[in-house]
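Below is one structure; the comments refer to it alone.
The values are calculated or read from the model by the stated rules, or taken from the named source; none is laboratory data. Treat the numbers as computed from the prediction; the structure is a model and nothing was measured. All Cβ positions, glycine included, derive from the backbone under ideal geometry; neighbour counts span all protein chains shown. Heavy atoms of the whole protein, side chains included, go into the accessibility calculation; ligands, DNA and RNA do not. Shrake-Rupley method; radii C 1.70, N 1.55, O 1.52, S 1.80 Å.
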Amino acid sequence: MTVPANSATAATPATDAIAGQLAALRSEIARHDHAYYVLDQPRIPDAEYDRLFRELQALEAAHPEHITPDSPTRRVGGQPLPQFEPVRHVVPMLSIRTETDTEASGARSFDARLRKELGLAESDPAIEYVAELKFDGLAINLRYEQGVLVQAATRGDGSTGEDVTQNIRTIRGIPLRLQGNAPALLEVRGEVYMSRPDFERYNNRQRALGRVTLVNPRNGAAGSVRQLDPKIAAQRPLSFFVYGLGQTAGWPLPATHAAVLDALADFGLPVCGHRVVTHGAEGLLNFHEHIRALRNSLPFDIDGVVYKVNSLALQQQLGFITREPRWAVAHKYPAEEALTTVEAIDIQVGRTGALTPVARLQPVFVGGVTVTNATLHNEDEIRRKDVRVGDTVIVRRAGDVIPEIVASLPERRPLLTPEFIMPTHCPVCGSAIEKPADEAVARCSGGLYCPAQRKRALLHFASRLALDIEGLGDKLVEQLVDQNLVRTPADIYRLTSAQLAGLERMAEKSAGNLLAAIAQSRQTTLARFVYALGIRNVGETTAKALARYFGTFEALLAADEETLFKVPDVGPIVAASLVHFFSEPHNLEVIAQLQAAGVHWSQEPAAAQVESAIAGKTFVLTGTLPNMTREQARALIEAHGGKVSGSISRKTDFLVAGDEAGSKLDKAQALGVAVLDESQLMELLQS
Ligand code: IVH
């Protein structure tokens, strides 16, 4: 819609007044758009913005002859296009050379190359650079004539792109009119992208509506810009960063790239704040490192950083090789996503019977490592992503996060590929699989009958944070269980060197080392022992909290759910797991066997005792405590380094009195001994 401001109507004082009112409204809204989308500092509430917008719409509806192309109401697109018109770039849109090295040499070789090109000696000063981000979206050229956005085009082959003006106008961070003293002609270049939060929000909404989701932010951005129906494009939340210039006229060029970016920001264009002016290869490398650490916390995707010579005169001197400038280079990070195929979907059985489908992948290099497996979490996840054996999938490994399958590409799926079906019976022991309706996780019901669960339980028992039996790893546990040498953790302590000698890859020396490690593991701590039992929902931290609270294993065993609640870090689920575990005769039997085999621990950590407020203090217990037995209270006090005595004397520090406390209470009061109730005792212990 490009209606000249005063086409049919003659200018009268009345029409002038309306035109003035419209111009004021438009620029006010544009200022708020800039504050919100470019500066990220909204100045007015949304409702107030909406009111201004509606006022402008109403005024324009009444006076369509005054509508101008830079009006914010013109952002929402018009009719679908049959195709995009070609646009010739007067200044070609070039690409930049990419340094594929993931190592420091990327920046070093660039700097060295330029110094040679410029004939610089070692004693000459370092070259000044701008280092900025390499945004992962779609390159766009924006053309402003007399400050008004008149055209937006894709890069295409570099000399001819496509006219995507309608779609680009819907991006609120792109000003339809430049601020300040705009040049006669200004073309700027930058990247259209979709922010991660916008991508998530968009996909969540699509999912809720049962519609197709976007694969990743870059596809989201590129697909939206090249959408022939501008109404669809307008619904996709896109953003923009400017990083350079195209054709210009009537504008005195600044001397440096940094000054160009500052000037573009002053025109109201969005320039990314993560940019520095720096010197030499070391400066570039610092930026590369700094951004690498920041990468995953940025609200948008990048695939590297870009280094540019700052001086425009030097840029000109360096010039181009074929289609790439000599003065710029992209230094990429390892790709975080790659395509590969699913060779199989296996079901892993965990320590507690949880079944986890795992995709076995055609090995692929992604995020700096070779990935061969990716967890599929559970059945719902497989359904949602519709992953099947034989599928081509996008694998993502960002930072040190475990690799995951982002999406499968059904368009590349071989014909007649069946859906994946979860087994109804455990693939290891054949027991039925249980899946409570309100849980995502399916479990093997075989318990310790299931060799897979048994193996996992044994590995857990021997792991570093549990009883720490060095040398008792995967391969060995596998053999020990398969050959029926070990069924429960207690069996580990009955192993003989003769039995070990019969195993694969078990030299005499390693058998000896293993037996020594097993013997050594007998001396442990209560926290490690509790953790080693592999009670569902009881991790290392909870085990420590339990050990600290109860002090003895007997006190823990005796605790009911209500008492367990009192332990910091223990909620109803953990409490129920503990009670359930200790009510299984089989578990108690294994515990008894372990103790009979000599597994033991001293009272809880000496460190806690030293720090404790009650270390060395003498307590006397009397009466019935509301939540614990006197035995449990004694264990607790002792675990914190206190002493418990049977009778009151002047040496007694505290009397802990419950209901129906008798003569001891009287005596304590007579002697001036401090009297605590159970909750005061707990407070003291925790202080
Ligand atoms: S400058 C003449 N700067 O990377 C130099 N490009 O091959 C032209 N890109 O698709 C490019 N971030 O869209 C430049 N800060 C940045 C960039 C950047 C992303 C994209 C660009 C193009 C590719 C360069």
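Here are a few things to note about the model shown:
- Placed amide H near GLY304: partners under 5 Å, 5+ positions off or other chain: LYS134, TYR333
- Accessible solvent surface per residue of the range 37-127, calculated while the other protein chains remain in place, 1.4 angstrom probe, Å²: 62 Å²
- One decimal place: the segment ALA613-ALA249 gains 123.3 nm when fully extended, by the rule 0.36 nm per residue minus the C-alpha distance.
- The alpha carbons of the range 330-392 stretch over 47, 25, 19 Å along the principal axes, in descending order.
- Looking at the range 421-510, the trypsin sites (Lys or Arg not before Pro) that sit in a DSSP loop and have at most 14 other Cβ atoms within 10 Å of their own Cβ are ARG464, ARG494, ARG505.
- What the Cβ-Cβ distance of GLU554 and ALA597 gives, at R0 = 22 Å and to the nearest 0.05, is a FRET efficiency of 0.75.
- Cysteines (scope the chain) whose Cβ has no counterpart Cys Cβ under 4.7 Å: CYS272
- The share of alpha-carbon pairs in the range 106-152 lying farther apart than 11 Å comes to 78%.
- At q = 0.10, 0.12, 0.16 Å⁻¹, base-10 log of I(q)/I(0) for the range 190-328 (Debye sum, equal scatterers on each alpha carbon): -0.46, -0.65, -1.01
- Taking all protein chains together and a 1.4 Å probe, the residues THR352, THR542 rank THR352, THR542 from largest to smallest accessible area.
- Within straight-line cross-link reach of LYS664, aspartates and glutamates at Cα separation under 19 Å, skipping those fewer than 8 residues along the same chain: GLU631, ASP653, ASP677, GLU678
- Which of ARG650, ARG413 is most accessible, then next, and so on - probe 1.4 Å: ARG650, ARG413
- The heavy atoms of TYR193 offer some 20 square angstrom of accessible surface to a 1.4 angstrom probe.
- Using every pair of separate Cα atoms, the Kirkwood estimate puts the hydrodynamic radius of the range 213-278 at 14.5 angstrom.
- Size descriptors for the range 160-214: radius of gyration and Dmax over Cα atoms are 16.0, 48 Å.
- Each label was represented as a point 7 Å from its Cα along the Cα-to-Cβ direction; for ASN204 and GLN146 these points are 4.6 nm apart.
- With protein chains left intact and a 1.4 Å probe, residues in the range 194-290 average 46 Å² of accessible area per residue.
- Its Cα gyration tensor gives the range 419-546 an equivalent ellipsoid; the semi-axes, largest first and in whole Å, are 29, 21, 10.
- Per-residue ³J(HN,Hα) for the range 482-496, Karplus 6.51 cos²θ - 1.76 cosθ + 1.60, θ = phi - 60°, Hz, x for Gly and Pro: 5, 8, 6, 7, 9, 10, 10, x, 5, 5, 4, 7, 9, 5, 10
- Å² per residue, accessible surface of the range 533-595 at 1.4 Å: 46 Å²
- The stretch between ARG522 and ARG494 holds 8.9 nm of extra length on full extension. This uses 0.36 nm per residue minus the Cα-Cα distance.
- For the range 464-478, the Karplus equation 6.51 cos²θ - 1.76 cosθ + 1.60, evaluated at θ = phi - 60°, returns couplings of 4, 7, 9, 7, 6, 9, 5, x, 8, x, 2, 4, 6, 4, 3 Hz by residue, with Gly and Pro reported as x.
- Potential lengthening between HIS425 and ALA112 on full extension [0.36 nm per residue; Cα-Cα distance subtracted]: 106.4 nm
- Nonlocal amide H pairs with GLY623, under 5 Å, H built at 1.01 Å: GLY658, GLY662
- Put a dot 7 Å past the Cα of ARG196, heading toward its Cβ, do the same for HIS586, and the two dots end up 4.3 nm apart.
- Helix-only mean residue ellipticity at 222 nm for the chain, each DSSP H run of n ≥ 4 adding -39500 (n - 2.57), per residue, nearest 500: -10500 deg cm²/dmol
- Once the gyration tensor of the Cα atoms in the range 557-664 is diagonalised, the equivalent ellipsoid follows with semi-axes of 29, 19, 14 Å, ordered largest first.
- Globularity ratio of the chain, using Cα Rg and 2.2 N^0.38 Å: 1.35
- For the range 311-388 and the range 432-457, distance of Cα centres in Å: 31 Å
- The range 30-134: Rg to Rh, with Rh as the Kirkwood radius over Cα pairs: 1.22
- In sequence order, calculated HN-Hα J values of the range 185-198 (Karplus, 6.51, -1.76, 1.60; Hz; x Gly/Pro): 9, 9, 9, 10, 10, x, 10, 8, 9, 10, 6, 5, x, 5
- For the chain, carbon and sulfur atoms together expose 52% of the accessible surface, with a 1.4 angstrom probe and every protein chain in place.
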